[in-house]
Amino acid sequence: MYLLYTVIASLVCYLFLKWMKKRTYYTDVKRLDGKTVLITGGNAGIGKETAVALAMRGARVIIACRDLDKAEKAVREIKIRSHNINVIHMELDLANMRSIRDFSKTFLQREKRLDILINNAGMPSVLDWTDDNFSMCFGVNHLGHFLLTNLLLGRLKESAPSRVVTLTCSNYKYQKLDFQDLNYNLLPFFTYCRSKLANIYFSQELGRIMEGKGVTTYAVHPGYVQSSWTYHYSILFQMLMKVIMFMFFVPCESGAQTVVYCAVSEEAANHSGGYFIDCRPATLRPFARDAGVAKKLWEASERLVKLA
Ligand SMILES: NC(=O)c1ccc[n+]([C@@H]2O[C@H](COP(=O)([O-])OP(=O)(O)OC[C@H]3O[C@@H](n4cnc5c(N)ncnc54)[C@H](OP(=O)(O)O)[C@@H]3O)[C@@H](O)[C@H]2O)c1
């Protein structure tokens with residue numbers, strides 16, 4: 001009898017986990033020949049899988065990374081897996097505003113097109129400071145991408161129709177922004193949630209500003225993904241997360257699907273400024289749809305990154 005109970009319990013668990021990890025795969029093979037794609041942090045995790053998927057469709061793919069050894073290795077892998085040799089890396093540290101400005105300058109000198117910008121790089125819940133004294137999550141996840149996108153906006157407009165896809169996280173809902181303390185750096189998980197909420201407001205406001213200019217924009221929650229973010233933590237935590245991720249999180253390839261969907265699909269083009277999960281538009285909590293807050297964050301961010 002016990003054996004029967006064990007078998008039934010195991011089967012229920014197995015089916016539950018299978019259901020939890022069920023994800024839509026974006027199978028449309030629309031070609032991207034002649035298009036240029038820029039992916040921040042494309043050397044690992046979801047960014048690397050996105051790079052493979054877009055290079056397979058024929059795009060020129062540039063991964064912007066802070067660690068050149070990792071970047072070179074990733075470029076080799078992306079080329080082999082995508083059968084596309086038009087993949088390169090460039091140096092970019094989103095925790096340093098000088099690096100972002102230098103990167104953008106070089107990019108604009110070298111690249112005549114920018115069809116798809118994927119703001120993918122991200123720091124998990126850590127308490128640290130960027131070189132410019134911003135809290136690490138807010139500085140890298142939001143401000144870094146805010147400055148980068150603004151510096152490249154001219155090239156995106158020239159390449160229209162073009163797209164900006166920004167990785168966020170459904171954890172945005174656990175926090176609100178505090179405009180008295182945008183640089184909040186107290187509880188690690190909350191710093192992460194706030195930075196991901198900022199990503200959503202950024203994407204919405206960018207959508208509004210770019211309305212009618214041929215640049216569309218999307219915020220994507222990729223799901224909970226077995227990527228490499230745990231390397232920022234202790235070995236013990238990494239071991240624990242390995243087990244949890246194996247059971248409940250999806251592979252990086254699955255995590256990249258909604259990013260690719262937003263970068264490529266015709267359906268997504270009609271939902272600029274939207275929030276996407278599992279290859280379809282999703283509904284945000286009302287406070288995350290507040291256009292007034294999005295505008296206020298945009299203006300505050302312009303001041304913080306000294307964008308004239
Ligand atoms: N994994 C999840 O479950 C999950 C869930 C929701 C949202 N997301 C979001 O998905 C995005 C991708 O994350 P992931 O899960 O693929 O994580 P990951 O495997 O840790 O990859 C993050 C990438 O960002 C890069 N990066 C970090 N700081 C950077 C900096 N200062 N300058 C330039 N690049 C930097 C990393 O480079 P290094 O290799 O040099 O560190 C790495 O390439 C993030 O925005 C994350 O918030 C992930």
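The values are calculated or read from the model by the stated rules, or taken from the named source; none is laboratory data. None of the values given here were measured: they were computed from a predicted structure. Note that we place each Cβ from the backbone using ideal geometry, even for glycine, and neighbour counts take in every protein chain shown. For accessibility, only protein heavy atoms count, side chains too; no ligands or nucleic acids. Shrake-Rupley method; radii C 1.70, N 1.55, O 1.52, S 1.80 Å.
Show the residue pairs meeting these rules: Cβ distance below 9 Å; 6+ apart or different chains; first residue within the range 22-44 and under 26 Å from residue 145 (Cβ atoms); second residue open to solvent by 70 Å² or more (accessible area, probe 1.4 Å) and in a loop (DSSP other than H, G, I, E, B). What qualifies is 30/266; 34/113; 35/113; 36/112; 36/113; 41/66; 43/66. Considering (1) modelled with pLDDT of 95 or more; (2) crowded, with 16+ Cβ neighbours inside 10 Å, the lone condition that residue 182 does not fulfil carries the number (1). In the range 198-205, the condition of being open to solvent by less than 30 Å² (accessible area, probe 1.4 Å), in contact with a helix residue (DSSP H, G or I) (Cβ under 7 Å, 6 or more places away or on another chain), modelled with pLDDT of 95 or more and more than 16 Å from the ligand (Cβ to nearest atom) is met by at least one residue.
Restricting attention to the range 102-135, the residues that are more than 20 Å from the chain's Cα centre (by Cα), within 26 Å of residue 54 (Cβ to Cβ) and of a type in the set (D, E, K, R) total 6.
Listed by first and then second residue, the pairs linking a residue in the range 120-135 that is within 15 Å of residue 66 (Cβ to Cβ) and of a type outside the set (A, V, I, L, M) to a residue that is more than 10 Å from the ligand (Cβ to nearest atom) and modelled with pLDDT of 95 or more, with Cβ atoms under 7 Å apart and 6 or more places separating them unless they lie on different chains, are 132/97.
Selection over the range 252-292 of residues that are under 19 Å from residue 36 (Cα atoms) and loosely packed, with under 13 Cβ neighbours inside 10 Å gives a count of 1. On the stretch given as the range 122-179, residues that are among the aromatic types (Phe, Trp, Tyr) and either near the ligand (Cβ under 9 Å from one of its atoms) or in contact with a Ser or Thr (Cβ under 6 Å, 6 or more places away or on another chain) (or both) total 2.
Taking residues in the range 250-278 that are on the phi > 0 side of the Ramachandran plot, and partners anywhere that are away from the ligand (no atom under 16 Å from the Cβ) and not aliphatic (A, V, I, L, M), the pairs with Cβ atoms closer than 6 Å and at least 6 places apart or on different chains are 273/204; 273/207; 278/24. Looking only at residues in the range 49-74 that are under 23 Å from residue 31 (Cβ atoms) and open to solvent by 10 Å² or more (accessible area, probe 1.4 Å), the one that is nearest to the ligand (Cβ to nearest atom) is 49.
Of all the residues in the range 223-266, those that are near the ligand (Cβ under 8 Å from one of its atoms) and touching a Cys at 6+ places or on another chain (Cβ under 8 Å) number 3.
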